[in-house]
Amino acid sequence: MSADNQICRMDAATVAAKVRNKELSAAEVTEAVLRRMEKLEPHIHAFCTPTPDVARAAAAAVDAKIAAGKDPGLLAGVPIGIKDLVATKDILTVMGSPLYRDFVPDEDDIVVERLKDAGAVIIGKTNVPEFGYSGVGHNPVFPATRNPWNLDMTSGGSSAGSGASVAAGVAPFAIGSDGGGSIRIPSALCGLYGIKASMGRVPLYPGLPG
């Protein structure tokens, strides 16, 4: 098995532990998943907005903290995709809609703030149906997300790209949102575990409620 495949098969806890223990650098992990993303994205379309430059900068910051003897965070170096309904500062948040094709938020959603503080590395925004109102990954802006297990099938929705990215081994986990099955449906169709938190447990601001 190649080194990239070994990294991409690791769960989030293993990645974070190896990065904190200096068995792997955050940069090594990031480059492995970005290479996998580049190879698979033309077929799966899990990421509507890949963010390789953002990811590399975040990984470098994690490695610098570790080199300085500082705490890099619980999720040190863990790659993660962020559903494109969730606001990300300075990163396109299109929500699958032509109305927001060029929208770049000026603040992060709370969940994104917390992930960054924990040392997670954002590798891109994951594809959604327009405003999340569908159980599949079709929208009028980006190519439809496909199921990594069978490209003729959907990965479900509305957290379509999040489910597909994890099933494809591009990220060990991804953020979704769920008002009526939007985490649970992609998890079921992609053979994953998905967690829908109790309402209010994870604040969703300023992104769409759900």
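The values are calculated or read from the model by the stated rules, or taken from the named source; none is laboratory data. All values derive from a computational prediction rather than experimental measurement. Virtual Cβ from ideal backbone geometry, glycine too; neighbours counted across all protein chains shown. For accessibility, only protein heavy atoms count, side chains too; no ligands or nucleic acids. Shrake-Rupley method; radii C 1.70, N 1.55, O 1.52, S 1.80 Å.
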*Within the range 24-41, is even one residue part of a loop (DSSP other than H, G, I, E, B), modelled with pLDDT of 95 or more, open to solvent by less than 70 Å² (accessible area, probe 1.4 Å) and of a type in the set (D, E, K, R)?*
no
*Scan the range 44-55 and give yes if some residue there is open to solvent by less than 30 Å² (accessible area, probe 1.4 Å) and more than 12 Å from the chain's Cα centre (by Cα), otherwise no.*
yes
*Which of the residues that make up the range 105-141 are within 24 Å of residue 62 (Cβ to Cβ), free of Cβ contacts under 8 Å to residues at least 24 places away in the same chain and open to solvent by 30 Å² or more (accessible area, probe 1.4 Å)?*
113, 114
*Condition test on residue 144, is it open to solvent by less than 50 Å² (accessible area, probe 1.4 Å), at pLDDT 95 or above and more than 20 Å from residue 121 (Cα to Cα)?*
yes
_Considering only the range 146-160, I want to know if a residue exists there that is under 14 Å from the mean Cα position of the chain (by Cα), in a helix (DSSP H, G or I) and farther than 22 Å from residue 15 by Cβ._
yes
*Looking only at the range 171-210, which residues are touching a helix residue (DSSP H, G or I) at 6+ places or on another chain (Cβ under 8 Å), of a type in the set (Gly, Ala, Ser) and open to solvent by 50 Å² or more (accessible area, probe 1.4 Å)?*
179, 191
*From 141, 170, residue being in a loop (DSSP other than H, G, I, E, B), under 30 Å from residue 64 (Cα atoms) and of a type outside the set (Gly, Ala, Ser)*: 170
